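Heads up: the structure comes next, in structure tokens.
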Amino acid sequence: MCDWILEHLGDSVPVHFTAFHPDFRMQDKPRTPHETLIAAREIALATGSSTPTSAT
């Protein structure tokens with residue numbers, strides 16, 4: 001995904017990774033681990049994105 005964004009949209013397009021958190025009818029699913037968001041941001045940085053962010 002990061003490669004596609006960089007190739008088709010450029011390195012100035014903000015990339016944001018948001019954690020899933022259990023809510024309403026999906027309370028039986030686990031929340032996204034913080035480590036997963038950190039890994040996604042690191043992949044985006046390694047790909048060449050200049051603006052990756054993440055939120056929990």
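The values are calculated or read from the model by the stated rules, or taken from the named source; none is laboratory data. Values in this document were obtained by computation on a predicted structure and should not be read as measured data. All Cβ positions, even for glycine, are placed from backbone atoms using ideal geometry, and neighbour counts span all protein chains on display.
For the condition surrounded by fewer than 11 Cβ atoms within 10 Å (Cβ to Cβ) and at pLDDT below 90, what is the one hit in Ala46, Ala55?
Testing whether each residue is surrounded by fewer than 11 Cβ atoms within 10 Å (Cβ to Cβ) and at pLDDT below 90 leaves just Ala55.
Considering every residue within region 24-40, establish whether at least one is in contact with a Cys (Cβ under 9 Å, 6 or more places away or on another chain) and either surrounded by 14 or more Cβ atoms within 10 Å (Cβ to Cβ) or on the phi > 0 side of the Ramachandran plot (or both).
Yes; the residues of region 24-40 include at least one that is in contact with a Cys (Cβ under 9 Å, 6 or more places away or on another chain) and either surrounded by 14 or more Cβ atoms within 10 Å (Cβ to Cβ) or on the phi > 0 side of the Ramachandran plot (or both).
Quick one: in region 1-42, of everything that is assigned to a helix (DSSP H, G or I) and of a type in the set (Gly, Ala, Ser), which residue is farthest from Thr53 (Cα to Cα)?
Ala39
Looking only at region 3-13, decide whether some residue is among the hydroxyl-bearing types (Ser, Thr, Tyr) and exposed (fewer than 11 other Cβ atoms within 10 Å of the Cβ).
Step one: list which residues in region 3-13 are among the hydroxyl-bearing types (Ser, Thr, Tyr), which gives 12.
Within this subset, residues satisfying the condition of being exposed (fewer than 11 other Cβ atoms within 10 Å of the Cβ) are 12.
Yes; the residues of region 3-13 include at least one that is among the hydroxyl-bearing types (Ser, Thr, Tyr) and exposed (fewer than 11 other Cβ atoms within 10 Å of the Cβ).
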